[in-house]
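In what follows, a single structure is set out as structure tokens and then discussed.
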Amino acid sequence: MTGQQARSDGVVAVGRPWEADAGTGFSRRLGKTPQELGVTTDNPDCPDIWELGNGDIAVIGRDLTESLGKNLPAGVSIGADERLVVIPRSMMIAAKPDIPNV
């Protein structure tokens, strides 16, 4: 099914090899909570990493598309519907044991 992907709502997306599925839900946190890592003040602005019900990954972080997006490496681009999101290094390291090798 090159260029097509069935979403959880049964709709087939055409054109891009991968499309984010807005119909999926959150399955489990990867790594530790922002509170455990000390990267939040318990306000609603906590970085986080989640596995979604369809296996994709959701990242909550600071949107630095405008600032870092100006200096992307060669061959890297950000689509109009995409954002460059930054999370603390400690959060990614803590998530490593929860991320499968395959």
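The values are calculated or read from the model by the stated rules, or taken from the named source; none is laboratory data. Nothing here was measured: the structure is a model prediction, and the numbers come from that model. The accessibility values were calculated without ligands, DNA or RNA, using every heavy atom of the protein model including side chains. Shrake-Rupley method; radii C 1.70, N 1.55, O 1.52, S 1.80 Å.
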Exercise. Just the accessible area per residue of the chain, please: how many Å² with a 1.4 Å probe?
Worked result: 72 Å²
Problem set entry | Note, ³J(HN,Hα) from phi for the stretch 84-90, Karplus 6.51, -1.76, 1.60, rounded to Hz, x at Gly and Pro | 8, 10, 10, 10, x, 4, 4
Exercise. Taking the Cα atoms of the stretch 26-98, what is the range of coordinates along each of the three principal axes, in descending order and whole Å?
Worked result: 35, 30, 21
Problem set entry | Under Karplus coefficients 6.51, -1.76 and 1.60, residue-wise ³J(HN,Hα) of the stretch 49-61 in Hz, glycine/proline x | 10, 10, 8, 8, x, 8, x, 5, 10, 10, 10, 9, x
Exercise. Which percent of the accessible area of the chain is formed by carbon and sulfur heavy atoms (probe 1.4 angstrom)?
Worked result: 54 percent
